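Asks: This is the structure I want to talk about, given as structure tokens.
Quick note: the coordinates plus some simple rules give every number you see, no bench work behind them. Given the structure is predicted, the values throughout are model-derived calculations rather than measurements. Positions of Cβ are backbone-derived with ideal geometry, glycine not excepted, and every protein chain shown enters the neighbour counts.
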Amino acid sequence: MTGVGKTFGTSQVIDDVALHADAGEFVVFVGPSGCGKSTLLRLIAGLETPDTGSIRIDERDVTRVHPAQRGVAMVFQSYALYPHMSVADNMGFGLRIRGEKRAAIREQVAHAARILQLEHLLDRKPRQLSGGQRQRVAIGRAIVRQPEIFLFDEPLSNLDAALRGQMRIELARLHAQLGATMVYVTHDQVEAMTLASRIVVLNRGRVEQIGAPLELYRRPANRFVAGFLGAPR
Ligand code: ADP
Ligand code: MG
């Protein structure tokens with residue numbers, strides 16, 4: 001994306017942001033609460049439209065393309081599963097409203113369930129699942145859509161520390177297995193350092209620094225970045 005800006009009312013929430021991800025990268029947005037991480041993700045998803053600038057996916061200008069036609073899928077922090085639907089139906093729902101055939105949906109759901117180790121839970125309702133299992137179902141809903149880009153908005157922040165550690169490992173495995181591009185928002189330094197191929201440090205809607213985790217850790221561009229990720233000094 002280049003020159004992307006977004007204003008809500010009188011506040012400039014995203015200010016002239018330019019960034020790029022190579023196919024298959026794991027890009028992590030970090031920064032303090034309110035700095036614009038979710039808004040930036042929603043701009044990529046097409047849930048918001050920028051006031052300035054443009055967004056491209058695979059050389060295609062998607063700045064004004066409908067979310068469903070962008071080849072992206074978003075996983076939210078509050079998983080918002082449908083309580084009355086089974087795990088399988090929750091995962092297949094997006095494909096059903098897209099009008100896909102029953103057999104194709106079943107195949108995609110089975111594939112995602114295999115990857116996420118949810119095969120034995122497909123008939124359960126969300127309330128019969130643990131927090132980690134629910135989060136896996138939410139990720140499954142994204143996988144079945146076979147997006148080019150996965151967007152994650154603090155997907156682990158509702159989980160306890162032990163489960164967060166475990167899910168972090170699963171996300172890394174998922175990324176390696178799918179080879180898809182992932183854009184991931186967190187305010188957790190450990191998540192950022194362990195998952196990212198590249199970290200984007202945001203502050204008040206602007207990019208402070210972009211770089212590989214070790215690069216930012218060793219050579220933070222300024223005090224702000226150092227405060228977030230830098231080596232202790
Ligand atoms: P983060 O995810 O980094 O915590 P957000 O992107 O959610 O930050 O929000 C950035 C700023 O934009 C905040 O000040 C927030 O209040 C504001 N904001 C986000 N969405 C809207 C909206 N739809 N209308 C008005 N203000 C918004
Ligand atoms: Mg947010």
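Asks: Between beta-carbons, use under 10 Å as the cut-off and find the net charge around Gly31, counting Lys and Arg +1, Asp and Glu -1.
Replies: +2
Asks: Determine the gain in length on full extension of the stretch Arg60-Glu148; use 0.36 nm per residue of separation and subtract their C-alpha separation, reporting nm with one decimal.
Replies: Between Arg60 and Glu148, full extension yields an extra 30.4 nm.
Asks: Mind checking which lysines have their C-alpha under 24 Å from Lys125, skipping anything on the same chain fewer than 8 residues away?
Replies: Hits, sequence-local ones excluded: Lys101.
Asks: Please report the relative contact order for the chain, taking Cα pairs under 8 Å with a sequence separation of at least 6, and give it as a percent rounded to a whole number.
Replies: It comes to 28 percent, rounded to a whole number.
Asks: Go ahead and estimate [θ] at 222 nm for the chain from helices alone: -39,500 (n - 2.57) per DSSP H run with n ≥ 4, summed, over the residue count, rounded to 500.
Replies: -11000 deg cm²/dmol
Asks: From Cα coordinates alone, what are the radius of gyration and Dmax values for the range 119-233 in angstrom?
Replies: Rg then Dmax for the range 119-233, in Å: 16.1, 52.
Asks: Which percent, nearest 5, of DSSP beta bridges in the chain are antiparallel?
Replies: 45
Asks: Could you tell me what percent of the DSSP beta bridges with both partners in the range 113-233 are antiparallel, to the nearest 5?
Replies: Percent antiparallel among DSSP bridges in the range 113-233 is about 50.
Asks: What is the sum of charges, Lys and Arg at +1 and Asp and Glu at -1, for the other residues whose Cβ falls under 11 Å from the Cβ of Glu148?
Replies: Result for the neighbourhood of Glu148: +2.
Asks: Need one word for the range 99-157: rounded, prolate or oblate. Basis is the Cα gyration tensor (sqrt eigenvalues a ≥ b ≥ c); a/c below 1.5 gives rounded, then a/b vs b/c decides.
Replies: Taking the square roots of the gyration eigenvalues as a ≥ b ≥ c, the range 99-157 is oblate.
Asks: What's the exposure ranking of Met182, Met167, Met91, going from fewest to most Cβ atoms within 10 Å?
Replies: Met167, Met182, Met91
Asks: Just check the range 22-173 against the gyration tensor rule for me: Cα atoms, a ≥ b ≥ c as the square roots of the eigenvalues, rounded for a/c under 1.5, and otherwise prolate or oblate depending on whether a/b exceeds b/c.
Replies: Oblate, because a/c is 1.5 or more while a/b does not exceed b/c.
Asks: Between Lys37, Lys101, Lys125, which gets the highest mean-square fluctuation from a Gaussian network model of the chain, Cα cutoff 10 Å?
Replies: Among Lys37, Lys101, Lys125, the largest GNM mean-square fluctuation belongs to Lys101.
Asks: Please give the net charge around Ile97, taking every other residue with its beta carbon less than 15 angstrom from that of Ile97, where Lys and Arg add +1 and Asp and Glu add -1.
Replies: Within the 15 Å Cβ shell, the charges total +4.
Asks: P(r) tail for the range 188-233, what percent of Cα pairs lie past 17 Å?
Replies: Percent of Cα pairs beyond 17 Å in the range 188-233: 20.
Asks: Roughly how many Å is it from the Cα centre of the range 205-224 to that of the range 67-112, as a whole number?
Replies: 36
Asks: For the range 73-131, restrict the atom set to alpha-carbon positions and state the Rg and Dmax in Å.
Replies: 11.3, 30
Asks: If you build the convex hull over the alpha carbons only and average its shadow over all orientations, what do you get for the range 1-73? Give it in nm² to one decimal.
Replies: Projected over every direction and averaged, the Cα hull of the range 1-73 covers 5.0 nm².
Asks: In addition: May I ask you to list the lysines whose Cα is less than 26 Å away from that of Lys6, ignoring any residue fewer than eight positions away on the same chain?
Replies: Cα-Cα hits under 26 Å: Lys37.
Asks: Looking at the square roots a ≥ b ≥ c of the eigenvalues of the Cα gyration tensor of the range 133-200, which shape do they give, rounded for a/c under 1.5, prolate if a/b is larger than b/c, or oblate?
Replies: oblate
Asks: Counting Lys and Arg as +1 and Asp and Glu as -1, each charge on the Cβ, what is the dipole of the chain about the Cα centre in debye, to the nearest 20?
Replies: My answer is approximately 440 debye.
Asks: Output the peptides 170-179, 81-90 sorted from most to least packed, where packing is the average of other Cβ atoms within 10 Å over each peptide's residues.
Replies: With the highest mean Cβ count within 10 Å placed first, the list reads 81-90, 170-179.
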